[in-house]
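K.L.:
I have a structure I would like to understand better, so I am pasting it below and will then ask my questions one at a time.
The values are calculated or read from the model by the stated rules, or taken from the named source; none is laboratory data. Owing to the predicted nature of the structure, the values given are computational and were not obtained by experimental measurement. Please note: Cβ atoms are built from the backbone with ideal geometry, for glycine as well, and neighbour counts cover all protein chains shown. Please note that ligands, DNA and RNA were not included when accessible areas were found on the heavy atoms of the full protein model with its side chains. Shrake-Rupley method; radii C 1.70, N 1.55, O 1.52, S 1.80 Å.
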Amino acid sequence: MNFFAPDRRMCDVCCVALNQHVGTVFRDVSFRHPDWQGVTWDHDPAPVPVDPERLAEICDFCSAGTTAAIFETRKAIVMIQGPNTHVFSEPWAACERCAVHIRRRTLHLLLDRVVAVLPGTSNRPERRARRAELKALYVKFFAADPVELER
């Protein structure tokens, strides 16, 4: 049984790409805003099909306001966190600085960059915990064999 939505969704209010979540009990599909450190969303997601003209270009790794490359994984990435299953099957946008580390497959340099520029006021234990969370996701991202798409 395929629980993945057939197409990508973005928020109609803020034009940010939404993350797909699958419930563990009822396998219901929902869409949520990205879990960006230091960002509190002031509205509930309003999922609509992606409109490339309106979609906000934001680096999926460090949240920079510009993107230089798009990477697509050959298979979906599934992360289970508590009662939720997060499904990452859409292309990933990257700024130029993050794209360099993705092309070279340098996981720890990518993590160093992302943790250093994350918004918010994190102390050292919080940064370590965030790095561990991101490392689990990025290890799966690299294992899913990302390829750069033509722009």
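K.L.:
Given the criteria out of contact with any Pro (no Cβ under 8 Å at 6 or more places or on another chain), surrounded by 16 or more Cβ atoms within 10 Å (Cβ to Cβ) and without any contact (Cβ under 8 Å) to a residue 60 or more places away in the chain, does Leu118 qualify?
P.N.:
Values: out of contact with any Pro (no Cβ under 8 Å at 6 or more places or on another chain): yes; surrounded by 16 or more Cβ atoms within 10 Å (Cβ to Cβ): yes; without any contact (Cβ under 8 Å) to a residue 60 or more places away in the chain: no.
Spelling it out, it is not the case that Leu118 is out of contact with any Pro (no Cβ under 8 Å at 6 or more places or on another chain), surrounded by 16 or more Cβ atoms within 10 Å (Cβ to Cβ) and without any contact (Cβ under 8 Å) to a residue 60 or more places away in the chain.
K.L.:
What's the total number of residues in the stretch 67-77 that are surrounded by fewer than 17 Cβ atoms within 10 Å (Cβ to Cβ) and touching a residue at least 40 places away in the same chain (Cβ under 8 Å)? Full working, then the answer.
P.N.:
Looking only at the stretch 67-77, we keep the residues that are surrounded by fewer than 17 Cβ atoms within 10 Å (Cβ to Cβ), and these are 68, 72, 74-76.
In the following step, the residues that additionally are touching a residue at least 40 places away in the same chain (Cβ under 8 Å) were identified as 72, 74-76.
Counting residues in the stretch 67-77 that are surrounded by fewer than 17 Cβ atoms within 10 Å (Cβ to Cβ) and touching a residue at least 40 places away in the same chain (Cβ under 8 Å) gives 4.
Rundown of residues vs (1) open to solvent by 50 Å² or more (accessible area, probe 1.4 Å); (2) within 17 Å of the chain's Cα centre (by Cα), yes/no style:
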position	(1), (2)
Ile102	no, yes
Thr106	no, no
Leu109	yes, no
Val114	no, yes
Ser122	no, no
Pro125	yes, no
Arg130	no, yes
Lys135	yes, yes
Lys140	yes, yes
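K.L.:
Further question on the same structure: Yes or no: the stretch 82-89 includes at least one residue that is surrounded by fewer than 17 Cβ atoms within 10 Å (Cβ to Cβ) and modelled with pLDDT of 80 or more.
P.N.:
Looking for residues that are surrounded by fewer than 17 Cβ atoms within 10 Å (Cβ to Cβ) and modelled with pLDDT of 80 or more, one finds none in the stretch 82-89, hence no.
K.L.:
Which of the following residues is surrounded by 14 or more Cβ atoms within 10 Å (Cβ to Cβ), charged (D, E, K, R), touching a His at 6+ places or on another chain (Cβ under 7 Å) and at pLDDT below 90: Arg8, Arg32?
P.N.:
Numbers: Arg8 fails: touching a His at 6+ places or on another chain (Cβ under 7 Å).
Exactly one of Arg8, Arg32 is surrounded by 14 or more Cβ atoms within 10 Å (Cβ to Cβ), charged (D, E, K, R), touching a His at 6+ places or on another chain (Cβ under 7 Å) and at pLDDT below 90, namely Arg32.
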